[in-house]
Amino acid sequence: NAGVTQTPKFQVLKTGQSMTLQCAQDMNHNSMYWYRQDPGMGLRLIYYSASEGTTDKGEVPNGYNVSRLNKREFSLRLESAAPSQTSVYFCAGETGGAGTGELFFGEGSRLTVL
Amino acid sequence: AQSVTQLGSHVSVSEGALVLLRCNYSSSVPPYLFWYVQYPNQGLQLLLKYTSAATLVKGINGFEAEFKKSETSFHLTKPSAHMSDAAEYFCAVGNNFNKFYFGSGTKLNVKP
């Protein structure tokens, strides 16, 4: 199915472990985003990528790194997971061109850090 | 700086009643404003978007929102609620490339 695909959908980590959340899109989006969703706090932007090979920090980048090696894929890495990073993570691509705000979201990756 | 404030984390209406979800924004320049909907265990979907072409914006599923600059508001309404409207709704603001800020969300409950 066309869209934004996130893997894994669920993950449990121990404090200090590392992992990468993968995101792939087949909708030809130039811009891609990573958000985290926490109860009562809405979505907060972690990182975004305006185009292949470029990335920029959002509101809450600390503890995360990203990689946009090609147009299709935008990965989010946690180098040393902390319990505060327990959250639901959403990847999104921007339809309608850069700056339009028309985001197409994946189904989310639920991460628990013990 | 930009931000949005959604008044009421939970709203409950009866089926057939008016739905009103409130959003106020803060932006130093003319904003883009959005409403998104999230059904359980899914990602967000765009409901509608304001970009200054018209102050009353119509979206999917019978929802609409009115931009009021004097009140810095962008409230979401629907004349008659359906059970299928039960979801969480997010207001968002952006004004230039690549940075969009979401409110904390309002969960809509529709009673039979």
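Remarks
- The number of residues in the stretch B:34-46 being buried (at least 22 other Cβ atoms within 10 Å of the Cβ) and more than 15 Å from B:Phe63 (Cα to Cα) comes to 2.
- Selected residue (only one of A:Leu13, A:Leu69 is at pLDDT below 90 and more than 12 Å from chain B (Cβ to nearest Cβ)): A:Leu69
- B:Lys49 open to solvent by 10 Å² or more (accessible area, probe 1.4 Å) and within 12 Å of another protein chain (Cβ to nearest Cβ): yes
- Odd one out for B:Leu56, checked against (1) within 29 Å of A:Cys91 (Cβ to Cβ); (2) modelled with pLDDT under 95; (3) open to solvent by 20 Å² or more (accessible area, probe 1.4 Å); (4) within 14 Å of the chain's Cα centre (by Cα): (1)
- Being facing chain A (nearest Cβ under 8 Å), in a strand (DSSP E or B) and either touching a Lys or Arg at 6+ places or on another chain (Cβ under 6 Å) or open to solvent by less than 50 Å² (accessible area, probe 1.4 Å) (or both) holds for only one residue in B:Phe90, B:Phe67, and it is B:Phe90.
- Single residue of the stretch A:72-84 satisfying the filter (over 20 Å from A:Glu52 (Cβ atoms) and either without any contact (Cβ under 8 Å) to a residue 40 or more places away in the chain or open to solvent by 10 Å² or more (accessible area, probe 1.4 Å) (or both)) that is farthest from the other protein chains (Cβ to nearest Cβ): A:Ser80
- Among the residues of this structure, A:Asn62 does not count as one that is farther than 23 Å from A:Lys14 by Cβ and either more than 13 Å from every other protein chain (Cβ to nearest Cβ) or among the polar types (S, T, N, Q) (or both).
- Residues of the stretch B:93-112 that are of a type in the set (D, E, K, R) and either more than 28 Å from A:Ser49 (Cβ to Cβ) or buried (at least 21 other Cβ atoms within 10 Å of the Cβ) (or both): B:Lys107, B:Lys111.
- If you go through the stretch A:1-41 and keep only what is surrounded by 21 or more Cβ atoms within 10 Å (Cβ to Cβ) and of a type in the set (Gly, Ala, Ser), you end up with just A:Ser31.
- Qualifying residue in the stretch A:52-72 (condition: within 17 Å of A:Thr112 (Cβ to Cβ) and hydroxyl-bearing (Ser, Thr, Tyr)): yes
- Leading residue by the ranking (surrounded by the fewest Cβ atoms within 10 Å (Cβ to Cβ)) among those in the stretch B:1-33 that are under 18 Å from B:Ala92 (Cα atoms) and small (Gly, Ala, Ser): B:Ala1
- Scanning the stretch B:93-112 for residues that are of a type in the set (Phe, Trp, Tyr) and more than 9 Å from chain A (Cβ to nearest Cβ) yields a total of 0.
The values are calculated or read from the model by the stated rules, or taken from the named source; none is laboratory data. Values in this document were obtained by computation on a predicted structure and should not be read as measured data. No Cβ is skipped: glycine too gets one built from the backbone with ideal geometry, and neighbour counts run over all protein chains shown. Quick note on the areas: whole protein, heavy atoms, side chains included, nothing else; ligands and nucleic acids left out. Shrake-Rupley method; radii C 1.70, N 1.55, O 1.52, S 1.80 Å.
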